[in-house]
1. When only residues in segment A:551-569 that are in a strand (DSSP E or B) and not aliphatic (A, V, I, L, M) count, which is surrounded by the most Cβ atoms within 10 Å (Cβ to Cβ)?
2. With the checklist (1) in contact with a His (Cβ under 9 Å, 6 or more places away or on another chain); (2) more than 22 Å from A:Gly454 (Cβ to Cβ) in hand, flag the one item A:Ala163 doesn't pass.
3. Out of curiosity, is A:Gln90 surrounded by 20 or more Cβ atoms within 10 Å (Cβ to Cβ) and under 21 Å from A:Lys304 (Cβ atoms)?
4. Which number in (1) away from chain B (no Cβ under 14 Å); (2) part of a loop (DSSP other than H, G, I, E, B) marks the one condition that A:Asp457 misses?
5. Which condition breaks for A:Gln589 when tested against (1) surrounded by fewer than 24 Cβ atoms within 10 Å (Cβ to Cβ); (2) more than 10 Å from every other protein chain (Cβ to nearest Cβ); (3) under 28 Å from A:Val13 (Cβ atoms); (4) under 18 Å from the mean Cα position of the chain (by Cα)?
6. Kindly indicate the residue of segment A:460-471 that is within 14 Å of chain B (Cβ to nearest Cβ) and not in a loop (DSSP other than H, G, I, E, B) and also farthest from A:Pro27 (Cα to Cα) among those meeting that condition.
7. Considering only segment B:146-156, I want to know if a residue exists there that is surrounded by 24 or more Cβ atoms within 10 Å (Cβ to Cβ), hydroxyl-bearing (Ser, Thr, Tyr) and not assigned by TED's automatic domain parsing to the domain that holds B:Val55.
8. Could you check, for segment A:615-626, whether at least one of its residues is crowded, with 20+ Cβ neighbours inside 10 Å, assigned to a loop (DSSP other than H, G, I, E, B) and in contact with a Gly (Cβ under 6 Å, 6 or more places away or on another chain)?
Amino acid sequence: MTTMDARSMGTSVRRIEGPDKVTGTAPYAGDTVADGTLVLYPVQATVARGEITAIDTSAATALPGVAAVVTHLDAPRLADDGDPEHRVLQGTTVHHRGQYVAAVLADHAEVAAEAARLVVVSYDEAPSTTGFDPDGGSYTPSALGNGQAPDSVVGDPDAALAAAPVVVKASYATPMEHHNPMEPHATTATWVDGRAIVHEASQGADLARQTLATLFDAEVEVSSPHVGGGFGTKGFLHAGTVLAVLAARTVPGRPVRFALGRRQMFETVGYRPATVQHMALGAEADGRLDALVHDVVGATARYKEFVEPAGGSSRSMYAAPHRRTSHRAVPLDLDAPTYMRAPGEAPGSFGLECAMDELAVALDMDPIELRVRNEPSVHPENGLPFSSRGLVECLRTGAERFGWSTWDRAPRRRLVDGWWHGVGVGCGTFPAFRMPGSTAEITFTGGRYVVAIGAADIGQGARTVLTQIAADALGVDVGSIEVEIGSTSLPVGSIAGGSAGTASWGSTVVEAADRFRDKYGEDPDDGDHADAATPDNPWAEEFAMAAYVAQFAEVAVHADTGEIRVPRLLGTFGVGRILNPTLGRSQLQGGMVWGLSMALHEESVVDPRFGEVINHDLAGYHIAANADVREIDAQWIDEDDGYVNPMGAKGIGEIGIVGVAAAIANATYHATGVRVRSLPITCDDLLTDPAFG
Amino acid sequence: MTTTIPLSITVDGEQRDLDVDPRTTLLDALRERLAVTTPKKGCDHGQCGACTVLVDGRRVLSCLTLAVAKDGADVVTANGLAPDGGSHPVTEAFLANDAFQCGYCTPGQVCSAVGAIDEARRGMPSAATADLAGDDVVLDRAEIAERMSGNLCRCAAYVNIVTAVEEAASR
């Protein structure tokens with residue numbers, strides 16, 4: 001299979017909406033300022049589990065400027081779409097602290113906030129469990145968050161471990177983490193003649209429309225032209241959107257705006273759940289794996305299951321004749337977890353890639369060589385050939401560029417000006433797939449081709465890259481293309497998620513372009529138009545398709561304080577064709593910074609007495625700031641994969657984060673001789689270890 | 001009834017008069033009362049920088065500033081840096097270097113960059129400045145990263161932000 005010819009694809013076309021973004025004039029969902037807009041401020045549960053016994057809204061309602069106070073007693077009824085998170089104000093049961101139990105609508109934000117504080121809610125509190133205990137009661141989920149089976153077994157891994165000459169067994173922990181896009185979720189909703197008109201911060205306007213239409217049994221329009229970051233939390237709708245549309249229904253004709261505060265971003269929009277990963281690797285003296293076991297225990301919510309598929313990448317990364325992955329879930333009385341950038345792969349690669357590093361140490365072998373020796377020729381579980389697999393080339397070229405061979409393999413060798421320096425490697429993968437269900441329409445008008453598809457630009461650059469794809473598919477310059485996205489007034493688009501947005505929408509645009517040319521040739525008339533649905537990938541069942549990365553990190557650890565810095569990060573990626581090098585590099589580097597942030601900063605701390613994230617703001621929950629990022633570089637190998645899609649592009653939204661935390665943890669070991677097996681790695685992890693000195 | 005207080009400010013070159021609740025922040029006055037939505041609300045606690053504007057030439061967090069305290073002030077947002085609709089070196093550099101992805105923090109980053117470049121020109125040191133007593137601040141990448149660290153970018157376009165500020169500062 002060959003990929004389509006590229007003229008614009010592969011060049012660094014500037015972001016189309018750039019001028020609007022640098023001047024702040026691009027409209028986000030919370031930027032609606034229509035006259036008569038009511039501001040929504042929520043009342044949230046102060047217990048983790050229980051029943052509401054009474055709500056007194058009299059003081060709030062009496063406050064001048066308050067238009068309405070909506071509670072479960074008078075809220076419009078919603079249809080049940082099967083998602084417990086969407087049962088907003090439909091009953092008395094409290095599933096988690098922070099759950100919305102009422103909404104105040106007022107003319108101004110200050111009044112709405114004050115009125116919300118005046119609502120008195122009484123509860124019959126029930127015993128709750130909100131602290132994650134991996135040894136507590138767990139169960140086997142029916143499916144993982146990505147739909148895969150919770151367990152997989154090949155051969156007899158326990159017997160193979162018992163017989164293996166070299167064995168590494170260790171447990172690794174990853175914490176609860178919150179997405180925290182810079183734009184908190186926001187909804188502006190107006191009901192007009194029984195229709196809901198919704199401006200939503202969404203990774204998929206049509207998914208939002210479908211969900212709301214089902215819940216409200218009404219026609220719904222959703223626009224989402226600009227989205228201030230998503231990272232998974234703006235995919236499936238959360239309670240806040242439902243609350244805004246519900247409250248708006250009580251004041252027909254008036255716009256209602258609910259822009260979540262940062263604190264609510266830790267209470268009602270999901271998170272990456274904590275995991276403990278029990279790894280066991282058995283190998284021959286030459287490094288070849290006999291057995292690979294990845295047993296995961298993860299947190300979920302009692303009222304809504306989501307299980308982080310942390311063992312998923314261990315099913316495909318390395319060859320081993322005997323292997324097992326398993327996932328068990330511990331139910332907690334918390335907000336429901338959800339997809340967060342590289343769900344599964346990000347935490348799972350920490351366990352697997354640190355264990356591989358520990359095995360390399362046990363074997364006294366170069367960790368790169370260990371991985372090369374365990375490169376599978378086909379998918380180790382399902383036996384499918386790979387459409388392309390660049391991991392070894394990524395390791396080799398990355399090592400060369402990074403100067404890997406100049407470092408002594410033994411740990412704790414390089415002390416420079418009071419800082420221990422070390423290097424580490426960690427690898428990763430992320431599936432390349434295509435979502436069905438989009439439609440693209442191409443219309444020739446005024447000498448330009450208007451390409452309409454309900455795609456979402458959440459910062460990845462969909463507008464720009466789809467313009468490039470359309471230009472090449474139609475054989476014209478990018479200046480002849482106008483792409484329209486981000487609204488349900490356009491043909492349906494699948495979501496920006498799963499690193500599959502560009503692959504899915506792009507394949508659809510290419511199909512529509514082919515049909516357009518078949519119908520009208522090279523010289524169309526004004527008004528000519530063609531459309532196409534997302535074509536199935538005929539190779540989807542024939543090949544294993546995924547992106548790969550080798551991440552290299554240098555860390556410096558202060559010998560006295562244990563402060564960890566990351567002076568250098570290099571990611572070498574095998575991700576097919578990069579459609580726009582400038583945008584692609586930025587997205588990959590951004591993912592790598594997420595990995596750095598995961599390694600050293602991010603952890604949501606739940607107070608098990610109350611079920612509350614106590615570091616629920618950006619002062620308490622640290623994400624990487626500018627000065628945390630030193631030298632960071634994303635490179636890619638030449639990879640021509642004609643099986644994934646006509647563009648030859650694998651998704652790049654998530655692969656950037658995968659493997660980074662392991663690379664940093666492994667480099668920290670190399671620098672100091674201290675092995676830290678839980679994230680984030682902080683000074684106290686090092687200072688309290690006798691080996692740190 | 002809530003007491004309101006008259007306020008007169010200049011926003012992006014335009015004189016604006018309004019009455020505000022004394023609890024209203026400058027950010028909410030701009031966004032909700034004047035429909036100036038260029039500065040964004042990322043945290044409302046002065047922890048992210050998305051609301052950064054220039055007040056009388058200096059960068060401030062508008063979410064931590066009470067509107068009534070800025071009566072008579074000259075407020076400039078990222079949309080008012082270049083009067084007459086022209087371009088500004090900082091916004092140009094952000095565009096040329098792709099110094100953003102989702103764009104939500106960007107108006108704050110742009111204003112912060114304008115402020116940071118001006119502070120460096122006036123010799124104000126930062127935690128990354130070696131010689132605190134010196135007059136000259138060399139705005140190298142470490143200085144820029146330090147001075148721009150009050151503006152979080154979750155897309156983490158930091159590498160390109162530093163390059164953009166470096167380029168704009170050299171003009």
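The values are calculated or read from the model by the stated rules, or taken from the named source; none is laboratory data. The structure displayed is predicted, hence computed values, not measured ones. Neighbour counts run over all protein chains shown; Cβ positions are idealised from the backbone, glycine included.
1. Taking segment A:551-569 and keeping what is in a strand (DSSP E or B), we get A:551-558, A:564-569.
From the residues that got through so far, the ones that are not aliphatic (A, V, I, L, M) too are A:551-552, A:554, A:558, A:565, A:567-568.
Working: A:Gln551: 33, A:Phe552: 28, A:Glu554: 25, A:His558: 15, A:Arg565: 15, A:Pro567: 13, A:Arg568: 18.
For segment A:551-569, the residue satisfying everything is A:Gln551.
2. If we test A:Ala163 against (1) in contact with a His (Cβ under 9 Å, 6 or more places away or on another chain); (2) more than 22 Å from A:Gly454 (Cβ to Cβ), just (1) comes out false.
3. Numbers: surrounded by 20 or more Cβ atoms within 10 Å (Cβ to Cβ): no; under 21 Å from A:Lys304 (Cβ atoms): yes.
Here the answer is no, as A:Gln90 does not meet what is asked.
4. (1)
5. That leaves (2) as the condition not met.
6. Pass one, segment A:460-471, residues within 14 Å of chain B (Cβ to nearest Cβ): A:460-465.
Going one step further and asking which of them are not in a loop (DSSP other than H, G, I, E, B), we end up with A:462-465.
Details: A:Ala462: 16, A:Arg463: 15, A:Thr464: 17, A:Val465: 20 Å.
Per the criteria, the residue is A:Val465.
7. no
8. Looking through segment A:615-626, none of the residues is crowded, with 20+ Cβ neighbours inside 10 Å, assigned to a loop (DSSP other than H, G, I, E, B) and in contact with a Gly (Cβ under 6 Å, 6 or more places away or on another chain).
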